[in-house]
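What follows draws every value from the coordinates through simple rules; no lab data is involved. On a predicted model such as this, the values are computed, not experimentally measured, just so you know. Don't worry about glycine lacking a Cβ; one is built from the backbone with ideal geometry, like all the others, and counts go over all protein chains shown.
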Amino acid sequence: MSIALTIGATIAAIGLILLLYGLFGQADYSRSDGININLWWGLVMLVFGTGMAVVGYISWRRPVTH
């Protein structure tokens, strides 16, 4: 199994948690100029982690030919 699959899935899971917290959590965004940082970074981490996991899965499933 590729390490990229494991790390990508972990990053995607943390990103999903941040995304959900950004959507449903009660927070004060006055220090971030009104920007929901948890929402945006959760989305970035979810996309990056999913992409990394997909690439790791594809490279793991591809047969090695010389």
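Quick notes on this structure:
- For the stretch 1-19, the set of residues classified as assigned to a helix (DSSP H, G or I) and among the hydroxyl-bearing types (Ser, Thr, Tyr) consists of THR6, THR10, listed by residue number.
- Leading residue by the ranking (nearest to the chain's Cα centre (by Cα)) among those in the stretch 20-66 that are surrounded by fewer than 11 Cβ atoms within 10 Å (Cβ to Cβ), of a type outside the set (A, V, I, L, M, F, W, C) and not in a loop (DSSP other than H, G, I, E, B): ARG61
- Subset of the stretch 24-43 that is in contact (Cβ under 8 Å) with a residue 12 or more places away in the chain and among the small types (Gly, Ala, Ser) - its residue that is farthest from ALA12 (Cα to Cα): GLY25
- Among the conditions (1) touching a residue at least 24 places away in the same chain (Cβ under 8 Å); (2) over 14 Å from the mean Cα position of the chain (by Cα), the only one that THR10 does not satisfy is (2).
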